Each structure stands twice: as C-alpha cells, then as structure tokens.
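J.: Below is the structure I would like to discuss, written out as structure tokens.
The values are calculated or read from the model by the stated rules, or taken from the named source; none is laboratory data. None of the values given here were measured: they were computed from a predicted structure. Cβ sites come from the backbone with ideal geometry, for glycine too, and all protein chains shown count toward neighbours. Protein only, heavy atoms only, side chains kept; ligands, DNA and RNA dropped before computing areas. Shrake-Rupley method; radii C 1.70, N 1.55, O 1.52, S 1.80 Å.
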Amino acid sequence: MFFFIIGSPILAQAQLELYAKFNQDGTVNPVINYNGSKRISDKVDLIFFGLIREQWSQALVGLSYSPTSSVRFSATAGIEHGQSSPRYSASVWLKKNKTTFLILGELGNGHENYLYKINIFHEFSEKFSLGIMDWRYHGLGPNLRYTIPKLQSTIWIMPAYDHEQKVFRSIMGISVQM
C-alpha cells in the first residue's frame, strides 16, 4: 500500500495552462488552469480541474469514461470561490482521425452562473492545429495552436468576439504537459 501511494502521482497526467485575455479597454485578465487525470481502469479516469483568476476560482473533481479511444464522457463536481453551493461540469469529447470536438458545460449557483465551451480542432501536423471555439466569457473565434514536442508545450492565440458583452478581445496562452 505504501508503494502504491508513493507511486500514484507518477502515473497521473496533468496540464498547466496560463493564458491572458487582452480586452478592448486595455485591461488584461490572467488565468491559470490546472487539470489532470489518473487512470482507474481501462475505461475510467479520475479527473480534476482547478482555475484561478484575480477575483474568482474553482476546483472540480470527477470521473471520465472512455468507451473507445475516440469518445470520452466526463462529469465533475466541486466548489467555487465565494459560494456555499456546489459547481458541476459535464463534457463530451469526440475524435475522428485528426479532428476533435468538445462540448463542455458548467453550472454554479444561480441561473446566470454557467459556462460553456464548444470547440472543434483539426491537427494539420505534429506542430500545428487550427480550430474554432465558442467559449463563454471569452468569445467566438479561431484558435491557432503551435506545439513544441520537445517541451511538451503548446502556445496558442485566439482572436475572439464576445457576443454577450459585444466586445472583441485577443487571448494568448501556453499549455504545458506535466
């Protein structure tokens, strides 16, 4: 049991993502995401997600189920900063050849306290992929990604139009596999 507990973190996969939203009014909103998974069985993973912003944060934990290598369903629950009620998330991820599709939804306390993320990406090479995203609080727009395999990192940029706030913004980030 001791060796299992000590060795468990080694068998987990994680990703740290840092990005910034550059708004039309000149403000910049930095965000840190941390997510990962730990294999439980051939088809089930324990998953976790954390997000930190200047004024808000959240932490979620749950399970993902992959009936095949091209399909993944996930559900999580957790807490958000300043709330006494839970926050929930669910997603579906699909892959066909070099194209992926994700739809994700989160719900917190109150009918306006939700987030969605919908994206489709195509990997043109080991280093380049291009997609389109619609992401609440961020916007709708293309997302260009450049992967640096030796560093297990991806740099990305997304010019977006936030159709709720009716503003343009640019988002730039880096994701690092751990």
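J.: Scan the range 50-73 for residues that are part of a strand (DSSP E or B), more than 20 Å from Y19 (Cβ to Cβ) and either open to solvent by less than 30 Å² (accessible area, probe 1.4 Å) or hydroxyl-bearing (S, T, Y) (or both) and jot them down. Full working, then the answer.
T.: Applying the first criterion (part of a strand (DSSP E or B)) to the range 50-73 yields 50-52, 57-68, 71-73.
Among the residues that remain, those that are also more than 20 Å from Y19 (Cβ to Cβ) are: 61-68, 71-73.
If the condition is that a residue be part of a strand (DSSP E or B), more than 20 Å from Y19 (Cβ to Cβ) and either open to solvent by less than 30 Å² (accessible area, probe 1.4 Å) or hydroxyl-bearing (S, T, Y) (or both), then G62, S64, Y65, S66, T68 are the ones that fit.
J.: Considering (1) surrounded by fewer than 16 Cβ atoms within 10 Å (Cβ to Cβ); (2) more than 27 Å from E112 (Cβ to Cβ), say which one W156 fails and leave the rest.
T.: (1)
J.: For I47, state whether it is farther than 26 Å from V167 by Cα, open to solvent by less than 80 Å² (accessible area, probe 1.4 Å) and modelled with pLDDT of 95 or more. Steps first, please.
T.: On the way: farther than 26 Å from V167 by Cα: yes; open to solvent by less than 80 Å² (accessible area, probe 1.4 Å): yes; modelled with pLDDT of 95 or more: yes.
Here the answer is yes, as I47 does meet what is asked.
J.: So, one more: Identify, please: which residue in the range 85-142 is under 17 Å from T154 (Cα atoms) and of a type in the set (F, W, Y) and is, among those, surrounded by the most Cβ atoms within 10 Å (Cβ to Cβ)?
T.: Within the range 85-142, the match that is surrounded by the most Cβ atoms within 10 Å (Cβ to Cβ) is F121.
J.: From the list S85, S70, S41, which residue is over 23 Å from G173 (Cβ atoms) and at pLDDT below 95?
T.: Values: S70 fails: at pLDDT below 95; S41 fails: at pLDDT below 95.
That would be S85, the only listed residue that is over 23 Å from G173 (Cβ atoms) and at pLDDT below 95.
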